[in-house]
1. Output the number of the condition that HIS125 fails; it satisfies all remaining conditions of (1) out of contact with any strand residue (DSSP E or B) (no Cβ under 7 Å at 6 or more places or on another chain); (2) farther than 15 Å from PHE16 by Cβ.
2. Which residue out of ALA73, ALA102 is within 13 Å of the chain's Cα centre (by Cα) and within 22 Å of LEU135 (Cα to Cα)?
3. Hey, can you tell me all the residues within the stretch 32-68 that are hydrophobic (A, V, I, L, M, F, W, C) and within 13 Å of the chain's Cα centre (by Cα)?
4. Tally time: how many residues in the stretch 4-24 are outside any helix (DSSP H, G or I) and not aliphatic (A, V, I, L, M)?
5. Among the residues of the stretch 33-56, count how many are modelled with pLDDT under 95 and either of a type in the set (Lys, Arg) or farther than 21 Å from PHE86 by Cα (or both).
Amino acid sequence: MVEALESAVLRRGVPFLGICVGMQLLATLGREFGDHKGLGWIDGEVVRMTPADSSLKIPHMGWNGLTLLREHALFADIGTGDDVYFVHSYAMKVANASDVVATTEYGDTVTAAVARGNIAGVQFHPEKSQRVGLLLLRNFLQWKP
């Protein structure tokens with residue numbers, strides 16, 4: 001499967017959108033249940049969330065507002081403050097800040113979306129995020145990186 005993905009995405013430039021664990025698989029390394037090599041398409045590692053506020057529950061489940069750090073075609077008609085739905089216990093710590101498109105706050109700043117070239121990932125669930133999720137999916141279908 002990795003070979004087919006690399007052929008399509010890395011060599012032919014087919015747009016790729018990883019959702020939740022799909023975004024986490026883009027990282028160099030994942031630390032859930034031990035250390036595991038990721039695809040390495042976005043430099044970084046996936047680590048267990050440990051919010052500074054101990055009253056915050058893990059897994060993080062619920063609606064959180066986005067903070068857009070840069071423009072990206074996937075976020076056309078989506079703005080800072082728009083809420084999306086998250087369900088996760090691990091989050092990507094991205095090595096290159098230029099790869100981060102959006103963050104959210106959950107006791108700490110959490111990477112919500114990444115992108116480089118024809119590769120993108122979102123930690124949240126567009127399919128559960130109502131209007132904003134539908135916009136993101138529409139934008140992905142129209143994306144010409």
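1. Status for HIS125: all satisfied but (1).
2. Residue meeting the stated conditions: ALA102.
3. Selection gives TRP41, ILE42, VAL46, LEU66, LEU68.
4. 6
5. Total satisfying the criteria: 1.
The values are calculated or read from the model by the stated rules, or taken from the named source; none is laboratory data. Keep in mind the model is a prediction, meaning the values are calculated, not measured. Note: ideal-geometry Cβ built from the backbone for every residue, glycine included; neighbour counts use all protein chains shown.
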